Amino acid sequence: MGELFHGKSEYTDEEFTGEELEDNEMLENGNEDETEDEINHESEAHSDDEDRDSGEDEESGKDDGFEDDEEEEWSEDDRRILRRRRRVRNQLIAYAVVFVILAALIAGGVVVGRTAVGAMREKKEAEEQAKLQEQMQAQQEAEAAHEVVIAAPESIEEIEEEPEPDRLGNLVHSHIAEMPLEDKVAGLFIVTPEAITGVRTVTQAGEGTQKALNEYAVGGLIYFRHNIIDEEQLKEMLSATVSMSRYPIFLAVDEEGGSVSRVAESGIDVIKVGDMASIGESGDATQAYEAGVNIGAYLNELGFNLDFAPVADVAGSGNSVLGDRVFGSDARLVGDMVSSVVDGMQGTGVSSCLKHFPGIGDTDSDTHEGRVETTKTLDEMRSSDFIPFQAGIEAGAEFVMVSHVTVSAVDGDAMPSSLSKTMMTDILRNELGFQGVIITDALNMSAITEYYTTEEAVVKAIAAGADMLLMPEDFNAAYDAVMAAVQDGAISEERIDESLERIYRVKYKNMVD
């Protein structure tokens, strides 16, 4: 490129003013190619330049010869190249200007667009806010209107919620419905295994037990010290008995702790629980709970499912026939102890039984030996004797054993409580609210047998509200008497079914979730 500018190679803007104007006009008209007119203009311009150069040379008095010709030739080429470069530069400048303008327009459009979008968003948010306020106001008005409706009782329609299905009740009902009357009646009795087998002392469940259970589907069997030889024998006997029974069966025992402990006294290696009087003296209900757990645990392990304990009687001021079997003379303390034993025992799967309702703790006579009567009024019993039983019921005790004590001030007929509708139905069932199984104390005690025949005792007990009959003096006579009472209509089958429902609710309690 340096050769192109050899000699006179610099030109002023004035020398190319006309040419630049022409080039700009061409650019404005959009012609980028060299047309024939442009070539002519360039030739004319070239001639003018040559004339002007010649004049200048003459004035300067210079005569370069060959060098001047060469300079004139390169000057023409230089001018052509420069014009092209200017044209390209001008086009680039024009394009750059257009690009800048377009960029400015786009940027302006973006700004305007963002502004517009922001404005629209603000407007939308304002509308939503207004709509939300309207909804809140409408809701407040609706709530206010609703409150007014609630204030008008006549306009309220109560919606009764449907109770949840009684799955246990349904299971019990279906079971009872399939039972023949003979099995229903037998199911009300808890007797010794000797009473149904005729064997003097039962220590195993063999063919005699199987035959007896097939004939009499008793509700339960109770075992005493003479039925226990050792742990293995006891477990085998109880397990075999369960397998032989056509229905779930109660296997019961008197295991109170202390002096009345049939299993612990047998020599089987179990935790020895002390008497209840000592626990009561400690004032620590936790000890009572532990006693219930310990007793229930080993009974369950051996195969028992019902324990006739705890004793809920309140000791009187004198010598009680129950001795150290009671927790004490403070009814509230006894109640705490009783409820703790129930919690502990039933937590092991063994049903507990409160005894001896309505309370014989202050009597000095034994119903095993004859008639026993208390002169307490109903109010006196409510303020003392009933308190532990109420506590045990609220703790969930599944059985209550009713004693044979006569409460003359309450029962005008002076009937033993085990045969009294007033004591069992009116007070225990209705007043204290017990809905579990009511069982009589042993019906072979003198307080019953000296005044009533077996047949009279069992029929009166069922009619008065007892659900189960414990150890009548003559089981066969007792069974036949109840069967005859139902068949004769003295006792309805529906009444038998009511007791069976309570019994089987306990037996089937672990069969539903």
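The values are calculated or read from the model by the stated rules, or taken from the named source; none is laboratory data. None of the values given here were measured: they were computed from a predicted structure. Virtual Cβ from ideal backbone geometry, glycine too; neighbours counted across all protein chains shown. Calculation scope for accessible area: heavy atoms of the full protein, side chains included, ligands and nucleic acids excluded. Shrake-Rupley method; radii C 1.70, N 1.55, O 1.52, S 1.80 Å.
Overview of values
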| read-out | value |
| --- | --- |
| Verdict on THR197 being among the hydroxyl-bearing types (Ser, Thr, Tyr), modelled with pLDDT of 90 or more and farther than 27 Å from ASN510 by Cβ | yes |
| Single condition ASP366 does not satisfy, out of (1) outside any helix (DSSP H, G or I); (2) under 16 Å from GLY258 (Cα atoms) | (2) |
| Segment 275-301, residues that are in contact with a Gly (Cβ under 6 Å, 6 or more places away or on another chain), farther than 16 Å from SER352 by Cα and either among the β-branched types (Val, Ile, Thr) or in a loop (DSSP other than H, G, I, E, B) (or both) | ASP275 |
| Condition met for GLN210 (assigned to a loop (DSSP other than H, G, I, E, B) and open to solvent by 20 Å² or more (accessible area, probe 1.4 Å)) | no |
| Selection status of GLU494, more than 23 Å from ILE196 (Cα to Cα), part of a helix (DSSP H, G or I) and open to solvent by 20 Å² or more (accessible area, probe 1.4 Å) | yes |
| Cross-chain or 6+ apart pairs with Cβ under 8 Å, segment 325-347 first and at pLDDT 95 or above and part of a helix (DSSP H, G or I), then open to solvent by 20 Å² or more (accessible area, probe 1.4 Å) and of a type in the set (D, E, K, R) | ARG325/ASP275; SER339/GLU394; GLY344/GLU290; GLN346/GLU398 |
| Qualifying residue in segment 453-461 (condition: within 24 Å of ALA312 (Cβ to Cβ), open to solvent by 60 Å² or more (accessible area, probe 1.4 Å) and either of a type in the set (S, T, N, Q) or under 45 Å from the mean Cα position of the chain (by Cα) (or both)) | no |
| Positions within segment 467-491 being of a type in the set (Gly, Ala, Ser) and open to solvent by less than 50 Å² (accessible area, probe 1.4 Å), in sequence order | ALA477, ALA478, ALA481, ALA484, ALA485 |
| Top-ranked residue in segment 369-389 [being part of a loop (DSSP other than H, G, I, E, B) and β-branched (Val, Ile, Thr); ranked as surrounded by the most Cβ atoms within 10 Å (Cβ to Cβ)] | VAL372 |
| Selection within segment 413-437 - touching a Lys or Arg at 6+ places or on another chain (Cβ under 7 Å) and crowded, with 23+ Cβ neighbours inside 10 Å | LEU419, VAL437 |
| Some residue of segment 289-312 being touching a residue at least 60 places away in the same chain (Cβ under 8 Å), within 20 Å of LYS235 (Cβ to Cβ) and open to solvent by 20 Å² or more (accessible area, probe 1.4 Å) | yes |
| Residues located in segment 355-364, provided they are farther than 18 Å from LEU419 by Cβ and open to solvent by 10 Å² or more (accessible area, probe 1.4 Å) | ASP362, ASP364 |
| Members of segment 347-364 that are more than 16 Å from SER408 (Cα to Cα) and of a type in the set (Gly, Ala, Ser) | GLY347, GLY349, SER351, SER352, GLY361 |
| Lone unmet requirement of (1) surrounded by 24 or more Cβ atoms within 10 Å (Cβ to Cβ); (2) within 25 Å of LEU238 (Cβ to Cβ); (3) not charged (D, E, K, R) for GLY347 | (1) |
